[in-house]
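Enquirer: Mind having a look at this structure? Questions to follow.
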Amino acid sequence: MSERKVLNKYYPPDFDPSKLPKLKLSKERQYVIRTMAPFNMRCKTCGEYIYKGKKFNSRKETCQDQTYLGLRIFRFYIKCPRCLAEITFKTDLENCDYEMEHGATRNFEAVRLAEKQAEQEQKEKDDEIASNPMMVLEKRTKDSRMEMERLEQLEELRDINARHASLDHSNVLTFHMEYEKQLQKLQDDEDEKFIKLVTLTNAGFSLDIIIMHIAGVCSSSSPCPW
């Protein structure tokens, strides 16, 4: 039984590939490919909305009289899914986009328009700066000032890192523990004074005597009444 998918072909001993006829194809030939709509559009004939990403069986050809930096520009032919009117668009290599030719109108895209406007404003600003020597000097001064500020910030960060690198963590922990002990001791003294104050107040002593006892001013010449 012969093989269903033949990979090897038989070439006779007298086979001469130079005698094979060469296939001459036209440069204006078209290819049928499967493509998707690159943007939202509306048919001019019936008003049907064609959304971005809708698939079509399109015909692709090369624009013979149009190139961009030596690169070929392709044109695509599709049909409106409602009225079957022909719609064509082509690649726009300069703007990395597609350009509508005829048969439909491209819908408004706010993001694309905003990006284009921002690029135009930046270009006008750069042209204005390039044509005005004073603005060039101001921009250069501003850039140098910003560079100096960044260098100063970098130096500060380096100093902070150096200090942290030379810091002994054991000493920090010891200092923190000593501080906690002193804070606890002060808190205990305050609690003890408060207990004495409450005890003497309940015993009926006057306020002056209580303050003298808490302050520790009682002596042999003026002993405490208790």
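Enquirer: What pairs come up if the first residue lies in the stretch 11-29 and is touching a residue at least 60 places away in the same chain (Cβ under 8 Å), the second is open to solvent by less than 100 Å² (accessible area, probe 1.4 Å), and their beta carbons are under 7 Å apart, counting only those six or more places apart or on different chains?
Expert: Matching pairs, first to second residue: none at all.
Enquirer: What helices (runs of 4 or more DSSP H) completely inside the stretch 132-226 contain at least 1 residues that are in contact with a Cys (Cβ under 9 Å, 6 or more places away or on another chain) and either open to solvent by less than 100 Å² (accessible area, probe 1.4 Å) or modelled with pLDDT of 90 or more (or both)?
Expert: Counting at least 1 such residues, we get 207-215.
Enquirer: OK, next. Does the stretch 16-40 hold any residues that are more than 16 Å from residue 75 (Cα to Cα) and within 42 Å of the chain's Cα centre (by Cα), and which are they?
Expert: Residue satisfying the conditions is 40 alone.
The values are calculated or read from the model by the stated rules, or taken from the named source; none is laboratory data. All values reported here derive from a predicted model rather than from experimental measurement. In this analysis, Cβ positions are derived from the backbone assuming ideal geometry, glycine residues included, and neighbour counts consider all displayed protein chains. Note: accessible area is taken over every heavy atom of the protein model, side chains too, but ligands, DNA and RNA are not part of it. Shrake-Rupley method; radii C 1.70, N 1.55, O 1.52, S 1.80 Å.
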